[in-house]
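Let me begin by presenting the structure, written as structure tokens, before commenting on it.
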Amino acid sequence: MSALPHGPARLPETQSVRCCQHRADGSLEDSIMTNARLDAAAVIPGESFSRVALTADAVELLRKLWVRHGSLMFHQSGGCCDGSTPMCYPAGDFQTGAADVLLGRFDVAASYETPGADKESQPVDFWMSREQFAYWSHTHLTVDVVQGRGSGFSVESPEGVRFLIRSTLMDWPA
């Protein structure tokens with residue numbers, strides 16, 4: 001496995017398809033969905049790399065949840081208890097503001113199963129509290145899914161699974 005310019009190693013790619021991600025300015029950016037992960041579009045001003053990704057299992061679960069709940073978003077807060085767990089809400093149910101940072105935007109309609117499929121965009125924003133971002137700014141985050149009970153407020157909770165953050169240190173370009 002080779003290191004990416006922004007840190008994490010990409011798992012071996014056995015299936016992949018080019019897909020589009022929305023940039024912060026509304027334009028589209030190519031990204032790659034593999035059976036390993038989907039990288040978010042870079043949205044932090046001045047940065048050109050992804051800070052957050054979804055595993056294929058997370059993408060699959062988000063697609064199911066999208067059908068049930070409509071547009072979705074993540075928020076990763078700081079603090080104790082569920083503060084270290086990414087919470088998934090219907091978009092707009094959790095109010096973000098100046099105390100939050102948008103780390104990335106995914107389009108979970110982009111499919112690694114059906115390349116070229118004409119699907120309506122399903123953007124999912126990933127937010128983090130500014131205070132937590134100050135601690136985690138040196139890491140790349142990957143949202144995964146594991147068996148277990150999630151928070152009662154996160155929409156995946158009734159599925160018997162929960163979202164989980166896996167982090168790796170980022171290698172900064174010289």
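The values are calculated or read from the model by the stated rules, or taken from the named source; none is laboratory data. No experiment lies behind these values; they were computed from the predicted model shown. Note that we place each Cβ from the backbone using ideal geometry, even for glycine, and neighbour counts take in every protein chain shown.
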*asked:* Residue under question is Phe94, and the condition is that it be at pLDDT below 95, surrounded by 15 or more Cβ atoms within 10 Å (Cβ to Cβ) and farther than 20 Å from Leu169 by Cβ; does it hold?
replied: yes
_Residues being closer than 21 Å to Leu72 by Cα, out of contact with any strand residue (DSSP E or B) (no Cβ under 8 Å at 6 or more places or on another chain) and either exposed (fewer than 14 other Cβ atoms within 10 Å of the Cβ) or at pLDDT 95 or above (or both) - total across region 133-159_ = 2
*Quick one: how many residues across region 68-85 are at pLDDT below 75 and not in a helix (DSSP H, G or I)?*
3
*Identify all residues within region 29-48 that are surrounded by 15 or more Cβ atoms within 10 Å (Cβ to Cβ), assigned to a loop (DSSP other than H, G, I, E, B) and at pLDDT 90 or above; write none if there are none.*
Ala40, Val43, Ile44
*Out of Arg130, Arg162, sole residue that is at pLDDT 90 or above, surrounded by 14 or more Cβ atoms within 10 Å (Cβ to Cβ) and of a type in the set (Lys, Arg)*: Arg162
*Being surrounded by fewer than 16 Cβ atoms within 10 Å (Cβ to Cβ), among the aliphatic types (A, V, I, L, M) and touching a residue at least 40 places away in the same chain (Cβ under 8 Å) is the filter here, so list the residues in region 165-174 that pass it.*
Leu169
